[in-house]
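This report refers to the structure that appears directly beneath it.
Please treat every number below as a calculation from the coordinates, not as lab data. Computed from a predicted model, the values in this text were never measured in an experiment. Reconstructed Cβ throughout: ideal geometry from the backbone, glycine too, with neighbour counts over all protein chains shown.
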Amino acid sequence: MIRTLRAVVRLRRPVGDRTARRLRGAANVDDLRDMARRRLPAGVFDYIDGGAEDELTLDRNVRAFRETTFRPRVLQGLDELDTSTTLLGRPLAFPLVLAPTGFTRIADPAGELAVVRAAGRAGIPFTLSTMGTRSIDECAAVAGPGARLWFQVYAWRDRNLIQALLDRAAAASFEAICLTVDTAMLGRRERDVRRGLTLPPEIGPGTFLDGIRRPGWTWRFLRSDPIRFANVEGLANGGGGARSGEITETGGTPGTGERAVDLAGYMNAQFDHGLSWDDVAWLRTVWDGPILVKGIQSVADAVLAVEHGVEGIILSNHGGRQLDTAPAPFDLVPAVASAVATAVAEAGAGRIEVICDGGIRRGSDIVKAVAAGADATMGGRLFLYALAAAGEQGVDHVLELLRSGTERTMALVGASTVDELGPDLLESR
Ligand SMILES: Cc1cc2nc3c(=O)[nH]c(=O)nc-3n(C[C@H](O)[C@H](O)[C@H](O)COP(=O)(O)O)c2cc1C
């Protein structure tokens, strides 16, 4: 019996660090999501996890990948597997960019700084949101050498504010900007409506109970500096067209992010609903680097984007948080990639990157998007769940899951480089 036991019992080497121990059990993004759900107050989890209205687009973004199967090739004599590629002319360790997310510090006090550092270690770009909770300068200060930082721009009514942000981003060596175009109004996220979500969470009877149920999060939240809109504080009321009086705050200085705000009210008051393609031309006059348009959801608009000379198109429906029943970005990739290639050839334009944003939960999703014609993918919740589950170590963990998943899938479909990924590897649905 002892001999049999000795043959089958292998004790796992103990892992000293508690967080590392917890992460050993997180095999995929869904596991990290479960861990996040257990650590966050319900309202905070729903803010990250939820989507607009019936959440059909949120669901479709993920399902579009799951319903597509591979047509794998074997015996391809794979020597070395190489997941690296280039994007905007610079190297990328694997085809993923971290998406802009507002209020990131609600998941963990380190917020964007943890994500910037983890993205740098993983060799992929990080995009800071206008609604970020760490400033352009704070992010630049922790970015290591060679780190790639992008800045996401919302169409604020106050053009002076946008220009001031872009000047800061340029001074801090941010590489590219993404103009988000899918937020003519803020989508109706019904989980937030039901919970009466304010950001940062306001202490009312509901949130108080929620907080007691998640004492670890509450303790970290109360001990850290107040969560604020770090990029727009001090600028949001800086004259121009900003209509500060419309911000639905519950007290304090409007627009600084010091006090809780009703996010929908705040953003709907600040955003310019008149945004048009002319504004892309205006952006060109105030930003020297690459411009990507985030939120393209049709072939027609992808072609218009080429005609307006942008360097990249991000197929996105804001992670299913804006227009419900909008198409899943992955479903759009083949038609958009081919229309963009034709439009680029006709216009004699330079290279235009097509990025598929939303629903990425596994390395195999990244491989499918690239095989369908995207140059890279973008993802938000994947790192937010990880950040909420285990802080910066969680983000390192999820990025390694996605990198190794990309590598493994490439091997199993018979491709040794990203350039070898093509539509022939996908079975049509
Ligand atoms: C909590 C949260 C906040 C977000 N905030 C922003 C934002 O400030 N600006 C923006 O352009 N997109 C924002 N997005 C959308 C993401 O950039 C991205 O499009 C989306 O997360 C992709 O879907 P995925 O979460 O399935 O990867 C946010 C998404 C989430 C989940």
query = What residues qualify as long-range amide H neighbours of Glu353, i.e. H under 5 Å apart, gap of 5 or more or another chain, H built at 1.01 Å from N?
reply = Gly312, Ile313
request  = Would you mind computing, in nm to one decimal, how far apart the modelled labels at Leu209 and Thr417 are, each placed 7 Å from Cα along Cα→Cβ?
outcome  = 6.0 nm
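Which of the three applies to the stretch 383-429, rounded, prolate or oblate, going by the alpha-carbon gyration tensor with a ≥ b ≥ c and a/c under 1.5 meaning rounded?
Verdict is prolate for the stretch 383-429.
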key: Spin-label pair Thr19/Glu67, simplified geometry with 7 Å Cα→Cβ offset, distance in nm   = 3.9 nm
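Rank these for me by crowding, Arg228, Arg321, going from fewest to most other beta carbons within 10 Å.
Arg228, Arg321
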note = Whole-Hz Karplus couplings 3J(HN,Hα) for the stretch 317-332, θ = phi - 60° and coefficients 6.51, -1.76, 1.60, Gly and Pro as x, run 10, 6, x, x, 9, 10, 8, 6, 6, 5, x, 6, x, 4, 5, 7
message = Please list, ordered by chain and number, the residues whose modelled amide H lies under 5 Å from the amide H of Thr101; skip anything fewer than 5 residues away on the same chain.
response = Ser129
query = Sorted from fewest to most neighbouring beta carbons within 10 Å, what does the list Met35, Met185, Met378, Met410 look like?
reply = Met185, Met35, Met410, Met378
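For the chain, what does the alpha-carbon gyration tensor say about shape, rounded, prolate or oblate, given a ≥ b ≥ c as the root eigenvalues, a/c under 1.5 as rounded, and a/b over b/c as prolate?
Note, shape of the chain comes out oblate.
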query = How high is the relative contact order of the chain, in percent, counting Cα pairs under 8 Å that sit 6 or more residues apart?
reply = 26 percent
task = Quick one: what are the phi-derived ³J(HN,Hα) couplings along the stretch 274-287, Karplus 6.51/-1.76/1.60 with θ = phi - 60°, whole Hz, x for glycine and proline?
result = x, 3, 9, 4, 4, 5, 5, 5, 5, 4, 4, 6, 10, 9
inquiry  = Can you compute the helix-only [θ] at 222 nm over the chain? Use -39500 (n - 2.57) per DSSP H run of at least 4 residues, normalise by all residues, nearest 500 deg cm²/dmol.
reply    = -13500 deg cm²/dmol
ask   = Which order results if Val395, Val286, Val74 are arranged by neighbouring Cβ count within 10 Å, fewest first?
value = Val74, Val286, Val395
request  = List every residue whose amide H lies under 5 Å from the amide H of Leu179, counting only residues 5 or more places away in sequence or on a different chain, with H placed 1.01 Å from N in the peptide plane.
outcome  = Val153, Leu292, Val293, Lys294
Dipole-positive endmost among Thr4, Gln163, Leu75 within the chain (Cβ charges, Cα centre) = Thr4
3J(HN,Hα) from dihedral phi, the stretch 335-340, Karplus parametrisation 6.51/-1.76/1.60, rounded to Hz, x for glycine, proline = 5, 5, 4, 6, 5, 5
Inter-label distance for Glu80 and Asp288, nm, one decimal - labels placed 7 Å from Cα along Cα-to-Cβ = 3.5 nm
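Taking 0.36 nm per intervening residue step and subtracting the Cα-Cα distance, what contour gain separates His308 from Ala141 on full extension? It would help to have the intermediate numbers written out before the result.
Values: separation 167, 0.36 × 167 = 60.12 nm, distance 3.33 nm.
Extending this stretch completely gives an extra 56.8 nm.
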remark   = Here the percent of antiparallel bridges among DSSP beta bridges lying wholly in the chain, to the nearest 5, is 20 percent
